[in-house]
Amino acid sequence: MKKLFNSLRFRFTVCFLLIGILPVILLHVIVVNTYESSLINKRMIEIRQRCNMISASLGENQSIQKSLTKEMADVLNWYSDAYGGRLLVVDNQYKVVHDSFLADLGKTVVSDAVFSAFLGKEYQSFQSETKFLEYVIPVTYNGGTEKTVTSVLVFSSTTDWIQESLSRVKQAMSLIEVILFIVMSVVAIYISYLITRPVKAVAYEVEKLRAGHLDHDISNIRSYKEIDDIMEATSQVIDNYRMMEESQEQFVSNVSHELRTPMTSIRVLSDSLIGQKNVPEEMYQEFLSDISVEIDRESRIIEDLLSMSRLAHAEDSMNVSTVSINDMVLNILKTLKPIAEKRDIELVYESFRAVSADVDEIKLNQAFSNLIENAIKYDRDSGMVKVSLDADHEYFYFRVSDNGVGIPEEALPHIFDRFYRVDKARSRETGGTGLGLSITKQIILLHFGVIKAESKVDEGTTFTVRIPLKHVEETGGRKKS
Amino acid sequence: MKHRKRLTSILSLLLLAAVLLSGCGRGDALKEGAFYIYFKNSTKRELFPVEAVIDEQASFDSRIASVWKHMVSGADHAEYTSPVPATVSLKNYTLQNNNLNLNFDQPYLSLSSPNEVLFRASLVKTFTQFPEIQTVEISVENQPLVLSNGSVVGPMKGSDCIDVLATGLNAYSETVMDLYFTNETADGLISESVRIRYNNTIPLEQAVVRNLINGPESADLYPTIPNDTKLISVSTKNGTCYVNLNEVFLNRAMVSRPEIAVYSLVNSLTEIVGINAVSISVNGSSNVMFMDQFDLSAPLYRNTNFDLIQAEPSESAE
């Protein structure tokens, strides 16, 4: 049932029906009421006028009995007939002296409206429950020294005739409403069908996608603008997904290639050892140490791969604590000093202020170590590696620059890609896996930071990292730069 | 949702309270068989009936005393007060020929006009409810009450006091009339005694015709005119009652002999005092040949030739 209620088609049909029917019903009610009131008003005005005239006639004599001649009685009856009502005249002893129905002649009247009329007050009313019109008016004698009320005229009538004409109108309107309802229902259902047809068409196309035909082109399906927007976005999502699949396939093939290369070297080296007879011991030593190097390379690649895959789900396992970045960098420099000294590279550390930030110490250590290690690796002999650390009230900035071989401009956008190496030969010598920078970038991203690289061939490279001081988890930490 | 439920229940409680607190006032139907003491309305110059419990087994005098006591001092409600003026006291009373004569002291004559009438009406309407009392008469110092124009008031029935307006205490009148219907074979007229209750703003003639159209109460009797006939108008002038019906009366005659239908109307209406003749018209015109046989153009007089035996009395309401 709930499903039906949520259906666009159902809601549209209901709305359409209501919009069509409600105004008519409203009109019906208003028209009927207005008609009724205006008829009643009109009748009331007529009655008032007649009664005033009659009262004037009756008031010509001081004694009401004198005024109530046979002719006058006939006139009174004529009027009460004409207006379908009852006319009574009550004398100042509150006795009924004239009754067009004759039934209450001589009876005593006890009525507030009549008492008030003897004090000069008119009374009129229309009772909406009983539909009776009533009018009570004093008969005043103006002769003599002062005005006296000699009697009171009471007129009352039903309004059946109004109700009857109204009932005709009401019947007609009800019939119209019923017909309108039926017609509107049919129209509403049909139009709602027309309106939801394009939506259904889209659903059909998307169903094909769901079934697995991911190359089904949905960007050209034309429907309502709102749905077209959705379809365009979905089309892009699918394209992204397919690109991701592609890059994943590529990654798998890259990985297999990378893993195979050291294996191939090991195979060649060990085969040549196996194949030769009387291999001298030095040769064994040499070949085995080469094999050892290849094994180390393989290990490093596998280690890096594991790092990468762990980092992919690392948002949950970030171990954030407040860390002195200065201390961390000093530690890294201490560890890497021997490597730098080997090639006579000077390590310079510039710290503008004490920086303390919320970071995952282990991960960030890995990232910064990687950057400094790269700078040393690709630096000239006797060159310089400068490390600087600064901060403002929101972020801290870590910069590593070397004056080594630099990175060509075409390569610069790709250096953070997995397994990307500018100079394959070079990095094989230095023992690189091609994953270092992508791991570093991933770690920086996990800290909601940014990493940038600038370089000129043969002049040097500078890596700049910016990380927020506070690790804002909730909103994903997307801060405007 | 919860709030809306609570709101509607509060509203309905308020409505109920309003209905209950409005009490019995103008326009409320009085219960048959209950005893009402007629007090005075606090805000309007009208009577305010309040139901009272009277011990029917007690003696006449003790009942009179109990009612009188209530009338004098029993008004403890905001809406009504005692109808008995403070200056007046009841000296004694006598019951003779179902007439209760209430004897008041001199100050009665000094009562101002509307208050005196109200007081008198409350006395009459209250005490005529006693089974022993049919009329109430007022005396002052043992002299019959006389109006300022010199006429003697005399004994008054409960029905002699009326509120002429449609929603007043006497908005409805009741009377017993003989209505003429027919039998299964429609070969004659049979009268049925019917108690007709009708609003004061319509004449008795109208109530009679309506009841005829609605048909008989008794299962042995049959109607003479179709029950969806519309009564357009009815009025009496100089002893002749002019009845205007719509075309259903003509087009769908229910009896084989036109006299049966016509005289059921005429005889029923001539039962009313003051009506001697009946003129029937259809949609305003009496130049009509009813059932192609009966000429309606002349006034019709009561005709007992078709009368058969009388049926059982029964009740009917307008």
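Here are some notes:
- Here the scattering of the protein assembly as shown is modelled by Debye summation over its C-alpha atoms, one equal scatterer each and no solvent; at q = 0.05, 0.09 Å⁻¹ the log10 of I(q)/I(0) is -0.58, -1.05.
- Length-normalised contact order of the stretch A:1-125 in % [C-alpha pairs under 8 Å, at least 6 apart]: 10
- Counted charge near B:LYS237, where neighbours are those whose Cβ lies closer than 15 Å (Asp, Glu -1; Lys, Arg +1): -3
- Projected-area mean, the stretch A:117-179, by convex hull of Cα positions, square nanometres: 5.7
- The H on the amide N of A:HIS98, modeled in the peptide plane, is under 5 Å from the matching H of A:VAL89, each at least 5 residues off or on a different chain.
- Restricting the calculation to Cα atoms, the stretch A:314-468 yields a radius of gyration followed by a Dmax of 14.9, 43 Å.
- Farthest positive-ward along the stretch A:1-139 dipole, Cα basis, beta-carbon charges - from A:TYR83, A:LEU105, A:SER37: A:SER37
- Potential lengthening between A:GLN49 and A:GLU409 on full extension [0.36 nm per residue; Cα-Cα distance subtracted]: 119.0 nm
- Mean Cα-pair separation over length for the stretch B:26-160, i.e. relative contact order, pairs under 8 Å, 6 or more apart, %: 20
- Around A:LEU269: net Lys/Arg minus Asp/Glu count, Cβ-Cβ under 11 Å: -3
- Its Cα centre serving as origin, the stretch A:2-165 has a Cβ charge dipole (Lys and Arg +1, Asp and Glu -1) of approximately 1040 debye.
- Kirkwood hydrodynamic radius (C-alpha pairs) into Stokes-Einstein, the stretch B:26-160, 4 °C and 1.567 mPa s, D in µm²/s: 85
- Once backbone amide H atoms are built at 1.01 Å from N, B:TYR172 has B:ASN200 as its partners under 5 Å, excluding neighbours fewer than 5 places away on the same chain.
- Averaged over the residues of peptide A:83-96, the number of Cβ atoms from other protein chains lying within 10 Å of each residue's Cβ is 4.
- Net charge dipole size for chain B [Lys, Arg +1 and Asp, Glu -1 on Cβ; Debye, nearest 20]: 1500
- Peptide-level mean, for A:110-121, of C-beta atoms on other protein chains within 10 Å: 6
- Note, ³J(HN,Hα) from phi for the stretch A:401-408, Karplus 6.51, -1.76, 1.60, rounded to Hz, x at Gly and Pro: 10, 10, 10, x, 6, x, 10, x
- Counting only Cα atoms, the size of chain B along its three principal axes is 72, 71, 39 Å, in decreasing order.
- Dipole of the protein assembly as shown, positive end: most advanced residue of B:MET156, A:GLN366, B:ASN115 [Cβ charges, Cα centre]: B:ASN115
- Normalised contact order of chain A, rounded percent, pairs of Cα under 8 Å and 6 or more residues apart: 9
- Residue-wise HN-Hα coupling along the stretch A:290-296, computed from phi with Karplus coefficients 6.51, -1.76, 1.60 (Hz; x: Gly, Pro): 5, 4, 4, 4, 4, 4, 4
- Placing unit charges on each Cβ (+1 for Lys and Arg, -1 for Asp and Glu) gives the stretch B:172-315 a dipole about its Cα centre, and among B:PHE294, B:ILE280, B:ASN238 the Cα reaching farthest toward its positive end belongs to B:ASN238.
- Dipole check for the protein assembly as shown: with +1 at the C-beta of Lys and Arg, -1 at the C-beta of Asp and Glu, and the Cα centre as origin, the magnitude is about 1160 Debye.
- For the stretch A:75-98 versus the stretch A:323-372, the gap between their alpha-carbon centres in whole angstrom: 117
- Per-residue ellipticity at 222 nm from helix content only, as computed over chain A with -39500 (n - 2.57) for each DSSP H run of at least four residues, stands at -19500 deg cm²/dmol.
- Lysine pairs with alpha-carbon atoms under 27 Å apart, chain B, spacing 8 or more or separate chains: 18
- Around A:LEU8: net Lys/Arg minus Asp/Glu count, Cβ-Cβ under 13 Å: +4
- Here the stretch B:201-223 and the stretch B:56-126 have alpha carbon centers that stand 40 Å from each other.
- Scanning chain A for chymotrypsin sites (Phe, Trp or Tyr not before Pro) that sit in a DSSP loop and have at most 13 other Cβ atoms within 10 Å, the longest stretch containing none of them is A:1-223.
- Across peptide A:149-158, the mean count of Cβ atoms from other chains lying within 10 Å of each residue's own Cβ comes to 2.
- The stretch B:172-315: translational diffusion in µm²/s, Stokes-Einstein, Kirkwood Rh over Cα pairs, 10 °C, 1.306 mPa s: 106
- Expected 222 nm ellipticity per residue - DSSP helices of 4 or more, -39500 (n - 2.57), all of chain B, to 500: -7500 deg cm²/dmol
- Cleavage-rule hits (trypsin sites (Lys or Arg not before Pro)) in the stretch A:258-358: DSSP loop, at most 12 neighbouring Cβ within 10 angstrom: A:LYS277, A:ARG353
- Close amide H partners of A:SER151, meaning residues 5 or more places away or on another chain with modelled amide H under 5 Å apart, are A:VAL139.
- Backbone geometry of the stretch B:217-229 corresponds, through the Karplus equation with coefficients 6.51, -1.76 and 1.60 at θ = phi - 60°, to 3J(HN,Hα) couplings of 7, 5, 6, 7, 9, 10, x, 9, 10, x, 7, 9, 4 Hz, x marking Gly and Pro.
Here, each number is a calculation from the coordinates, and none is a lab measurement. Remember, predicted model here, so these are calculated numbers, not experimental data. Every residue, glycine as well, gets a Cβ built from its backbone with ideal geometry; the counts of neighbours run over all protein chains shown.
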